[in-house]
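Enquirer: For reference, the structure I am asking about is given below.
What follows is calculated from the coordinates using simple rules that are stated; it is not laboratory data. The model shown is predicted, which means the values in this text are computed figures rather than measured ones. Every residue, glycine among them, receives a Cβ derived from its backbone with ideal geometry; neighbour counts consider all protein chains shown.
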Amino acid sequence: MGVFAMPSLGADMEAGKLVEWLIAPGDRVNRGDVIAVVETQKGAIEIECFEAGVVERLDAAIGATLPVGTPMALIRGDGEAAAGPASAEPGAHPEARESVVPATAGRSAATAHEGPAPTRPAPEAAAAPRPPMPVPVAGAPQPSLPAAGAPPSSPAARARAVELGIALGTVRGSGPGGSILIADVEAAARSAEASASAAPSAEPAGTPASRPGKPGLDLGAMRAAIAAAMSRSKREIPHYYLSQTIDLQAATDWLAARNAARPPAERLLMGALFVKAAALAAREVPEVNGHHEGGAFRPATAVHAGVAVAMRGGGLIAPAIRDADQLSLDALMAAMRDLVERVRAGRLRGSEMTDGTVTVSSLGERGADSLTGVIYPPQVALVGFGTPARRPWVMGDSVVPRTLVTVTLAADHRASDGRQGARFLAGIDRLMQDPEGL
Amino acid sequence: MTPEEIRSAFLAELVRVAPDLDADTIGGGDHLQDDLGLDSMDVLNLVTALHKRLGVAIPEADYPRIATPDAAVAYLSEAMR
């Protein structure tokens, strides 16, 4: 029996608001089926099911804002008998624990309902082929697991409590079901400092979903989510940076010639070449491709490129394109187009939010010379492409005008050193010199 | 097609690419990238949609000629003649 729970869709997601069920009791579901839509700080996200079975019952009501890990539905696995009105306490059932956290068990999705660290559901073949990925055991850094008997709390709130030296037992939760949110922890810290009664927190962080209104973007909440993830990144990840200027003339010429002969629907953007080259180079340098979780770096066995897409009106999101290194340029381009259209329409899938193993960010045609990024935890590298421009370049003994681009790697020193980082950039350079081979 | 019809087709596809835009408030001289914030993927999606709707396959070299609604209407009128 699998408990379908509110997934964690990013490092600092505390809660999500259920806006739509796409299943009803009695429905048959397969792994990878989209079964619900959840509104988060980054818009509405389609949530996939990670096991096959029959929907036994739906526990969560439309419109409810639920902390990460809250049981939302019960799905009866094939061959299992129907359950009675079970109390949804997944931690009590070892077999249920495997499926309690659908998306990102390894991240920060351990919940108050669980005792031991959960494991990511084994990513076997589903509707979409899923190559083996290392299973990030939530290596239980102290803050990510609640103490027994502690009130329900979000992983981010627990981490913050540890930082601030606040005992969760002393914090009054304002989240659904009395769960403790970051804002509650910070409020408790402030009141402790002032030795006065806790002032109600005005912090918007983490609780936008409780706000009424149409499903969609709350820019303040989006900014708060970005700030939280990036603050965590800068706090936890010892970044180092390497830059390299690459001669892009061969790729520019090849692309122009190729696109000239094709209708718009079949044209490529330079951005697709960047993602492909970065994905191939990441395969060659495993130290930049994977996740740092639970105190250890785990290289990924596949390359799922998180592609940073600017959201109109502000904000940024980096959904993943799975196996970007294996896709042809045309297929990769199609995937990127699809991704951008769905970002615009506000329909990304939960797995896309969490599958990325390395992020590629590109400033496009009208940006700045270079982009020095902030790594998206728990990833360990972000490669930034500046805006290509015609510049003087030395070839042989002469200075010639060429189209150049500055590529900048931000990497995690816990996972790699400059030597590997330089090898990664050199790989991108080499690959971009032979665009046809990409 | 009249220029007015071309303009409304152009604006309809533009708003489909960037759903937060309001066709009524887009100025004829608004620059797709500088003023309306389209990126290169948005521009390509717009060009693809215009191809499908109007039958005009705008070559990459001509993208600057559709940089504003006014410019695009003039360019597309010419191309469809």
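Enquirer: In cubic angstrom, how much convex hull volume per residue do the alpha carbon atoms of the range A:238-437 span? Working shown, then result.
Expert: Numbers: hull volume 24.5 nm³, N = 200.
Normalising the Cα hull of the range A:238-437 by residue number yields 123 Å³.
Enquirer: With a Förster radius of 35 Å, plug the Cβ-Cβ distance of A:LEU22 and B:SER8 into 1/(1 + (r/R0)^6) and report the FRET value to the nearest 0.05. Mind dumping the intermediate values first?
Expert: Numbers: r = 35 Å, r/R0 = 1.00.
Efficiency, rounded to the nearest 0.05: 0.50.
Enquirer: I've got another one for you. Can you give me the distance in nm between label points at A:ARG414 and A:ALA61, each placed 7 Å from the Cα along the Cα-to-Cβ direction?
Expert: For the pair A:ARG414/A:ALA61, the computed spacing is 4.1 nm.
Enquirer: If you don't mind, another one. Using the Kirkwood formula over every pair of different C-alpha atoms, what hydrodynamic radius in Å results for the range B:3-80? Working shown, then result.
Expert: Working: mean 1/r = 0.0824 Å⁻¹.
Roughly 12.1 Å, rounded to one decimal.
Enquirer: Ranked highest first by the average count of other Cβ atoms within 10 Å around their residues, in what order do A:44-50, A:383-389, A:417-423, A:314-320 fall?
Expert: Values: A:44-50: 24.7, A:383-389: 22.1, A:417-423: 15.3, A:314-320: 20.1.
By packing density, highest mean first, the sequence is A:44-50, A:383-389, A:314-320, A:417-423.
Enquirer: Something else about it: May I ask for the distance between the Cα centers of the range A:34-56 and the range A:223-250, given as a whole number of Å?
Expert: 30
Enquirer: Once you average over the residues of A:264-271, how many Cβ atoms of partner chains fall within 10 Å of each Cβ?
Expert: Details: counts 15, 8, 1, 6, 1, 5, 1, 4.
Mean shielding count: 5.
Enquirer: Sort A:268-278, A:283-293, A:360-370 by the packing proxy (mean of other Cβ within 10 Å over each peptide's residues), most packed first. Kindly include the intermediate steps, with their values, before the conclusion.
Expert: On the way: A:268-278: 25.4, A:283-293: 22.4, A:360-370: 18.5.
Highest to lowest by the protection proxy: A:268-278, A:283-293, A:360-370.
Enquirer: Okay, next question. Could I have the simple spin-label model distance between A:ALA52 and B:ASP20, label points 7 Å from Cα toward Cβ, reported in nm to one decimal?
Expert: 4.1
Enquirer: Follow-up question, since we're still on this one. Using C-alpha positions alone, give me the convex hull volume of the range A:302-385 per residue in cubic angstrom. Let's see the in-between values first.
Expert: Values: hull volume 8.6 nm³, N = 84.
Cα convex hull per residue, to the nearest whole number: 102 Å³.
Enquirer: Still on this structure, I have one more. So the label point goes 7 Å from the Cα of B:ALA71 along Cα→C-beta, right? Which residues of the range A:361-376 then have their backbone N under 18 Å from it?
Expert: Residues A:365-367 qualify, since their backbone N sits under 18 Å from the label point.
Enquirer: Using a 10 Å cut-off on Cβ to Cβ distances, tally the other chain neighbours for every residue of A:257-263 and report the average as a whole number.
Expert: On the way: counts 0, 0, 4, 3, 0, 3, 5.
For this peptide, the per-residue mean of nearby foreign Cβ atoms is 2.
Enquirer: Can you tally the net charge around A:ILE428? Count Lys and Arg as +1, Asp and Glu as -1, for every other residue whose Cβ sits under 13 Å from the Cβ of A:ILE428. It would help to have the intermediate numbers written out before the result.
Expert: Numbers: positive: A:LYS276, A:ARG283, A:ARG423, A:ARG430; negative: A:ASP247, A:GLU284, A:ASP325, A:ASP429, A:ASP434.
The answer is -1.
Enquirer: Please compute, for peptide B:42-53, the average count of beta-carbon atoms on other protein chains lying within 10 Å of each residue's beta-carbon. Don't skip to the end; give the middle numbers.
Expert: Numbers: counts 6, 4, 10, 6, 1, 4, 6, 2, 1, 3, 3, 0.
Per residue, the number of nearby Cβ atoms from other chains is 4 on average.
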